[in-house]
Amino acid sequence: MILELRNVSYRYRKGALALTDVSLSVDDGQSVGLVGESGSGKSTMVKLMLALAKPTSGEVLFEGQPITPSTLRRFRASVQTVFQDPYSSLDPRQNIESIVAEPLRSLGLARGDEAREMVAASLTSVGLPADALDRYPHEFSGGQRQRIAIARATVCHPRLLLADEPVSALDVTTRIQVIDLLAELRESAGLAILMVSHDLSAIAALCDTTVVLNAGRIVESGPTAEILISPREDYTRRLVESVPRLPAL
Amino acid sequence: MSLPAPLTAPLLSVSSLGVQTAAGRALLSDLSFDLAAGQRLGLIGESGSGKSLTSLAVTGLLGAGLSASGSVLLDGVQVVDAPERRLIPLRGRVASIVFQEPLTALDPLMRIGKQIAEPIARHRALRGTALRTAVAEALDEVSLSDARIARSYPYEISGGQRQRAAIAIALASRPQLLIADEPTTALDVTVQAQILQLLDGLVEARGMALLFISHDLAVVSAMTQDVLVMSKGVAVERGPIQQVITHPQHPYTAQLVGSARALDDMLGTR
């Protein structure tokens, strides 16, 4: 098991519980979709899974063990993330080489020529030209920026990618291309993916299992096809029925 | 088009509309369409297609550095190059806009009730008790009946409630044309469904014309039968949505429909 949340609850300062008794695990090669609306606790869950916050109660386990200062570096190299908005997640003043090399630098994994080669390979794997290295984020479209963010997240060959609404800010055509890219990385690199999204079609396209979060609790989980076609919970049914559909052919 | 000429002038008549930057770059070119009173039209396209510029150009709200060419007749008044004093009577009374992001469209420092009262007071000349009653009715109409909402500031209510408030403000002046520019893009799916239903009902009940702007074919198809597809500042296709989806004529439309269909198919058949 790469990452596991065990009976996790979380409370922001004096507020109500943002997460209540949540359990979830991701293993190698798995793809899990985390679905829920604004305020359901999705982003809090991602924060806990990235060890950016500690649970109020319960445990976050990496390879079966609590994350400690001595395992933190290996954890960071194994679990990487892609954010929603590729316009705010890339430093506008760094060139692409420097941006993508960031995990290699900060985790002390590679430097010099070796780092440059890894960066170039990572850019190739996300379908960007090698001459992207010397350019800056503003020279790229939204979809290309999201590819750059994915290259940065995968340059150190992580086992798990936490993608927080990775396609929500993109146009439909670009959305499909980025979903295809994530599916391809999953196939070729055996990358496990946990994707947070309120977009059920993106979840359906990429995730084998789906977890539905409502008001800080997991209300339903199981194979994606089952959840979409025959949801057991009212909340899930309402979510599925609310998705606008094209007129039938 | 083979439609017979209408007996009266259309509410909105756009012909050869263009929008240029100060440097002379064309952002929107040669756009023409008519919208009769009570008619609905969907504008579809992706980022940068010129959809939002169209809504701003039509209401004379283009930002500094942008200029319009061609002709926009809104209730018979030429909007292109019109002085502000000629535009003011059109805004609200003839056309209102609901924007994508209610958090930036609403005044953060003014209570919701006051923001709705302002256009009602101006356009319907109400004061005192009559004004308070009208505000309550306006809130009722968008299903924000809870008295707490009127006293709230925008940050204190949810995104869906904020968009309902923005709709109430847009409708307060009783416009003949409602322009909805991606009104549900910032909202969750269940809230989106409620807002679309609300808009559909209000537009129907008041017999308003609707210009509905969205990148989402499925959302547009819930609101209008007639669509105009835009790409890179040019209208590439116009027709009934059913026809556009089943027999797209332009390669861009075909690509857009293909992507939307692919995402739709992932949810399985109904």
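Counting only other chains, what is the mean number of Cβ atoms within 10 angstrom of the Cβ of each residue in peptide B:46-54?
Numbers: counts 5, 7, 3, 1, 0, 0, 0, 0, 0.
Taking the mean over all residues of the peptide, I get 2.
State, as an integer percentage, the relative contact order of chain A based on alpha-carbon contacts under 8 Å between residues 6 or more apart.
It rounds to 26 percent for chain A.
So, with +1 on the Cβ of K and R and -1 on the Cβ of D and E, and no other charges, what is the size of the charge dipole of chain A about its Cα centre, to the nearest 20 debye? Show your work: numbers first, answer last.
Details: 26 positive and 30 negative charges, 179 e Å.
That gives a dipole near 860 debye.
May I ask you to compute the full-extension gain from B:Q242 to B:L103, defined as 0.36 nm times their residue separation minus their alpha-carbon distance, rounded to one decimal in nm?
Values: separation 139, 0.36 × 139 = 50.04 nm, distance 3.38 nm.
Answer, rounded to one decimal: 46.7 nm.
Can you compute the charge dipole magnitude of the protein assembly as shown about its Cα centre, using +1 on each Lys and Arg Cβ and -1 on each Asp and Glu Cβ, nothing else charged? Give it in debye, rounded to the nearest 20.
For the protein assembly as shown, the charge dipole is close to 1660 debye.
Within chain A, what's the longest run with no chymotrypsin sites (Phe, Trp or Tyr not before Pro) in a DSSP loop and at most 15 other beta-carbon atoms within 10 Å? Give the range, please.
On the way: sites that count: A:Y12, A:Y87.
Here the longest segment lacking exposed loop sites spans A:88-249.
Remind me, relative contact order of segment B:12-266 in percent, using alpha carbon pairs under 8 angstrom and six or more residues apart?
Rounded, it is 26 percent for segment B:12-266.
Less than 9 Å Cβ to Cβ from A:V212, Lys/Arg counted +1 and Asp/Glu -1: what total charge do the surrounding residues give? Don't skip to the answer; put the middle values down first.
Working: positive: none; negative: A:E220, A:E233.
Result for the neighbourhood of A:V212: -2.
Out of residues 5 or more away from A:E220 or on other chains, whose amide H comes under 5 Å of its own, with H placed 1.01 Å from N in the peptide plane?
Sorted by chain and number, the residues that satisfy this are A:V212.
When Lys and Arg each count +1 and Asp and Glu each count -1, what net charge do the other residues less than 12 Å away from B:P175, Cβ to Cβ, add up to? Don't jump to the answer; show the numbers that get you there.
Values: positive: B:R91, B:R93, B:R174, B:R206; negative: B:D75.
Neighbour charge sum, excluding B:P175 itself: +3.
For every other residue with a beta carbon closer than 14 angstrom to the beta carbon of A:L194, add +1 if it is Lys or Arg and -1 if Asp or Glu, then tell me the sum.
On the way: positive: A:K42, A:K47, A:R159, A:R186; negative: A:E4, A:D27, A:D28, A:D164, A:E165, A:D208.
Here the count lands on -2.
List the aspartates and glutamates whose alpha-carbon lies under 17 Å from that of A:K47, not counting same-chain residues fewer than 8 positions away?
Within reach: A:E4, A:D21, A:E37, A:E59, A:D85, A:D164, A:E165.
Per the Debye formula with a single identical scatterer at each Cα and no solvent contribution, what log10 I(q)/I(0) holds for the protein assembly as shown at q = 0.12, 0.13 Å⁻¹?
-1.21, -1.34
Would you be so kind as to identify all helices of chain A, as entire DSSP H runs, whose Cα atoms reach 27 Å or more along the helix's own axis and whose mean Kyte-Doolittle hydropathy is at least 1.6? Each step should come with its number before you reach the end.
Numbers: long enough: none.
Going by DSSP H runs, there are no hits.
In chain A, with Lys and Arg counted as +1 and Asp and Glu as -1 at Cβ, which of these residues, A:S230, A:V196, A:P66, has the Cα nearest the positive end of the dipole, that is, farthest along it?
A:P66
How much of the DSSP bridge set in the protein assembly as shown is antiparallel, in percent, rounded to the nearest 5?
Details: 41 of 77 bridges.
So the antiparallel bridges amount to about 55 percent of the total.
Below 26 Å, Cα to Cα, which lysines can A:K54 reach? Residues fewer than 8 away in the same chain don't count.
The qualifying lysines are A:K14, A:K42.
Out of B:A166, B:L256, A:L170, whose Cα points farthest toward the positive end of the dipole of the protein assembly as shown (charges: +1 Lys, Arg; -1 Asp, Glu; placed on Cβ)?
Going by the Cα projections, it comes out as B:A166.
Could you work out how much longer the chain between B:D81 and B:S32 gets when fully extended? Use 0.36 nm per residue separation minus the Cα distance between them, nm to one decimal.
Details: separation 49, 0.36 × 49 = 17.64 nm, distance 1.73 nm.
Contour length minus Cα-Cα distance gives 15.9 nm.
With contacts defined as alpha carbon pairs under 8 Å and 6 or more residues apart, what's the relative contact order of segment B:165-270 in percent?
Numbers: 85 pairs, mean separation 19.9, N = 106.
RCO, segment B:165-270: 19 percent.
Count neighbours as other Cβ atoms within 10 Å of each site's Cβ, and list the trypsin sites (Lys or Arg not before Pro) in segment A:103-187 that are DSSP loop with at most 12 such neighbours.
Details: sites: A:R105, A:R111, A:R116, A:R135, A:R145, A:R147, A:R152, A:R159, A:R175, A:R186; in loops: A:R111, A:R135, A:R159.
Passing sites in segment A:103-187 are A:R111.
Other chains' Cβ within 10 Å of B:238-247 residues: what's the mean? Before the final figure, lay out each step's value.
Details: counts 0, 0, 0, 2, 4, 0, 0, 4, 2, 0.
Mean shielding count: 1.
What residue among B:P108, B:A130, B:G45 has its Cα farthest toward the positive end of the dipole of segment B:18-141, where the charges are +1 on Lys, Arg and -1 on Asp, Glu, each on the Cβ?
Of the candidates, B:A130 comes out farthest on the positive side.
What nm distance separates the two modelled labels at B:A9 and A:R238, each placed 7 Å from Cα along Cα→Cβ?
Simple spin-label model gives 4.8 nm for this pair.
Set the Förster distance to 25 Å, then compute FRET efficiency between B:D140 and B:T190 from the Cβ-Cβ distance, nearest 0.05. Could the numbers behind the result be given before it?
Working: r = 22 Å, r/R0 = 0.86.
About 0.70, to the nearest 0.05.
Cα to Cα, under 15 Å, and not fewer than 8 places away if on the same chain: which aspartates and glutamates meet these conditions relative to B:K51?
Result set, ordered by chain and number: A:D171, B:D30, B:D181, B:E182, B:D216, B:E237.
Every number here is computed from the coordinates shown, using simple stated rules; none is lab data. Keep in mind the model is a prediction, meaning the values are calculated, not measured. A quick note on method: Cβ atoms are made from the backbone with ideal geometry, for glycine too, and the neighbour counts reach across all protein chains shown.
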